[in-house]
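Written out below as structure tokens is the structure these notes cover.
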Amino acid sequence: MNLHNLYRQVILDHAQHPRNLRALDDALRIELRNPTCGDEITLYLQVAEGIVQKAAFQGTGCSISLSSASMLTEAVQGQPVEQVLRLNHEFRQLLQGRPADGELLGDLEALSGVAAFPARIKCALLAWNALEQGVQTNPPGEGGSEDHE
Ligand code: ZN
């Protein structure tokens, strides 16, 4: 089996048939651009009780930016914010060519080849930069307490 071809198929599948490609009402809306490539992503996040209840996106751009955004929405939906931040960290490790938690990353590991193309890393990270901004915005009523149960 050729891992490179498998990864390529996963990326193309998400780019050609993006998951969760829609706007969400009553959601955080983060719009980011990657001027070097012309990618534009608007990420929608519904966060409640410390959990990303729903994630969706709209955008235009290259296959890498779209497939990364598509995989992101699938990966974070229904996950606690804490887990989403871990995933974000592992994905950035992967793109820097460092050891990363493949089990946690799942399909996202298909983007590991991007590490060899520094110019494309910005494409892959665009949606994740939006995610970081989104989950760092505390929803009202959460209190911002550092306490953990
Ligand atoms: Zn791009």
| For region 10-149: relative contact order, % (alpha-carbon pairs under 8 angstrom, 6 or more apart) | 26
| query | To the nearest 0.05, how large is the calculated FRET efficiency for Asn129 and Asp13 if R₀ is 30 Å and r is the Cβ-Cβ distance? | reply | 0.80
| said: Counting other beta carbons within 10 Å of each residue's own, what order do Tyr44, Tyr7 fall into, fewest first? | reply: Tyr7, Tyr44
| task | Would you mind working out the magnitude of the charge dipole of the chain relative to its Cα centre, with +1 at each Lys and Arg C-beta and -1 at each Asp and Glu C-beta, to the nearest 20 Debye? | result | 780
| Taking the C-alpha atoms of region 1-79, convex hull volume expressed per residue in Å³ | 94
| query | By count of other Cβ within 10 Å, fewest leading, how are Ser70, Ser112, Ser63 ordered? | reply | Ser63, Ser112, Ser70
| query | Add -39500 (n - 2.57) for each DSSP H run of 4 or more in the chain, then divide by its residues: what number comes out at 222 nm, to the nearest 500 deg cm²/dmol? | reply | -14000 deg cm²/dmol
| remark: Once the mean of 1/r over all distinct C-alpha pairs in region 54-104 is inverted, the Kirkwood radius in Å reads 11.8
| task | Compute the distance in nm between two label points, each set 7 Å from the Cα along the Cα-to-Cβ direction, one at Asn5 and one at Glu74. | result | 2.1
| note | Where a ≥ b ≥ c are root eigenvalues of the Cα gyration tensor, a/c under 1.5 meaning rounded, otherwise prolate if a/b exceeds b/c and oblate otherwise, the chain counts as prolate
| note | Quick numbers on region 89-130, Rg and Dmax over C-alpha atoms in Å, give 9.4, 26
| note | Relative to the chain, whose Cα atoms define the longest principal axis, helix 81-95 and its Cα axis are tilted in degrees, nearest 10, by 20
| task | Could you state the orientation-averaged shadow area of the convex hull built on the Cα atoms of region 52-139, in nm² to one decimal? | result | 5.4
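Values quoted throughout were computed directly from the atomic coordinates according to the rules given, and no laboratory measurement underlies them. This structure is a prediction, so every number in the text was calculated from the model and none was measured. All Cβ positions, even for glycine, are placed from backbone atoms using ideal geometry, and neighbour counts span all protein chains on display.
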